[in-house]
Amino acid sequence: MILFTSNKLTRLLRIAANKPSAFRTGTVLKSGAVCCVQPNRNQGSVDRTSLQGSVDRTSLQGSVDRTSLQGSVDRTSLQGSVDRTSLQGSVDRTSLQDRQKQQMARGLPKHKPVSGVEHVIVVASGKGGVGKSTTAVNLALGLLANDPSRSVGLLDADVYGPSVHKLMNLQGHPELSDKNLMIPLRNYGVPCMSMGFLVEDTSPIVWRGLMVMSAVERLLRQVDWGSLDYLVVDMPPGTGDVQLSITQNIPIAGAVIVSTPQDIALLDARRGAEMFKKVNVPVLGLVQNMSVFQCPKCLHQTHIFGSDGARQLADTLGVELLGDIPLHLNIRETSDRGQPVVVSSPDSPEAEAYRKLASAVIRRLQEVNM
Ligand SMILES: Nc1ncnc2c1ncn2[C@@H]1O[C@H](COP(=O)(O)OP(=O)(O)OP(=O)(O)O)[C@@H](O)[C@H]1O
Ligand SMILES: [Mg+2]
């Protein structure tokens, strides 16, 4: 019996392949020593049955020397490689974690300062309509009124419902600087930027995820603020994309949380404050807005939204109550006219309340940055 090793078989097949004419012409090949592959004259091709039959399986199998095959696996070296793998595994895990951290950090936006701006102060609240924009505008003007040598800017980050342009009585489109940056519009000594300058008042802003991020990115990066000591940012309500985008993109010196003393507003204010804490933004404190209403005729005081809710929340959160702003017709009317109370009625108790708030904010900024 002829012993076939797999090498021999391969060689035989190759020979068969190289002699197609022999198959085609039906030349009878000598069986035995040269080739056991019998051409099938009728088919003119390799007869698989005979090909298979000619391969002696037992001998073919037998030709694989198991002992030597097994022997070729060096146990010691195998174990060695296992040991090395497990050892290396623990080393690799640490470096893998490091790499993962690096990659994740790469995915997150880096805190990059707003060009020319020293301190960013955000005015926020979880809830809508509690007076964030009114507070932001009067805070910016209060900062300037307390120290006119300081430069203060105002950024309306409420890309869905901008209002700073109205409150500051500004209209028109920003011009572009030599560096292709938007030049803020200015009133009452405060440069302002708002989505309200870029979209028509009547057109609805229907943006989602990435579009919002890109709008915020533009407002943060493509504005020529010059040199500012403070940039007051009026945040939209809630704790969504805009808030996260801003807190992740720029270093924020501190957050001022506005709330009415009403339970439902306090709940959202708390969420807002907790969000800033989570992303390591110092919460400078709370502002209790619309706390008390004084009748202009009889001077009777009414706590329409409750009396001390924000103060209690401040205690619970371990933050300061920075200011207590009354619910006052003068504040609403001057806001609607685009002549904020701090500039239009500087001697009023309402304006005084905002200036006091501005002083408290500066004091807290110094404390948290010490
Ligand atoms: N202390 C106040 N006294 C009287 N009116 C006030 C006071 N604060 C705010 N307002 C009025 O309340 C309304 C809502 O205020 P504002 O727009 O500042 O709230 P907001 O929190 O910015 O709202 P949004 O969440 O929609 O941005 C406005 O009409 C404003 O003039
Ligand atoms: Mg607002």
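Readers should treat all values here as calculations from the given coordinates under stated rules, not as data from a laboratory. Model, not experiment: these values are computed from the prediction. Methodologically, a virtual Cβ is constructed for each residue, glycine included, from the backbone with ideal geometry; neighbour enumeration extends over all protein chains shown.
Exposure proxy for PHE305, PHE197, PHE293: other Cβ atoms within 10 Å of each Cβ, ordered fewest to most, give PHE293, PHE197, PHE305.
Gain in length, ASP201 to PHE293, computed as 0.36 nm per residue apart minus the alpha-carbon separation, to one decimal in nm? Show your work: numbers first, answer last.
Working: separation 92, 0.36 × 92 = 33.12 nm, distance 3.14 nm.
Stretched out fully, the ASP201 to PHE293 stretch lengthens by 30.0 nm.
If R₀ is 25 angstrom, what is the calculated FRET efficiency for the pair ASP178 and ARG218, using the beta carbon separation as r and rounding to 0.05? The computed FRET efficiency comes out at 0.90. Computing FRET efficiency as 1/(1 + (r/R0)^6) for GLN248 and LYS356, where r is the C-beta to C-beta distance and R0 is 35 Å, gives about 0.65.
Shape class for the stretch 120-176: oblate, because the ratio a/c of the largest to smallest gyration tensor axis (alpha-carbon atoms, square roots of eigenvalues) is 1.5 or more and b/c is at least a/b.
Under 14 Å from a label point set 7 Å out along the Cα-to-Cβ vector of VAL368, the amide N atoms of the stretch 265-285 belong to 272-285. Between amide H atoms placed 1.01 Å from N, distances below 5 Å from SER291 occur with ILE325, LEU327, all of them 5 or more places distant or on a separate chain. Here the Karplus curve 6.51 cos²θ - 1.76 cosθ + 1.60, taken at θ = phi - 60°, turns the phi angles of the stretch 345-356 into couplings of 9, x, 8, 6, x, 5, 4, 4, 4, 5, 5, 4 Hz, with x standing for Gly and Pro. Shown for SER348, SER194: other C-beta atoms within 10 Å of each C-beta, ranked fewest to most, produce the order SER348, SER194.
The HN-Hα couplings worked out from phi for the stretch 268-276 by the Karplus form 6.51 cos²θ - 1.76 cosθ + 1.60 (θ = phi - 60°) are 6, 4, 4, 4, x, 4, 5, 4, 5 Hz, whole numbers, x standing for Gly and Pro. Annotation: the residues VAL117, VAL123, sorted from fewest to most other C-beta atoms within 10 Å of their own C-beta, follow the order VAL117, VAL123. With Cβ to Cβ distances under 15 Å as the rule, what net charge do the other residues near LEU266 carry (K, R +1; D, E -1)? Once positives and negatives cancel, what remains is -1.
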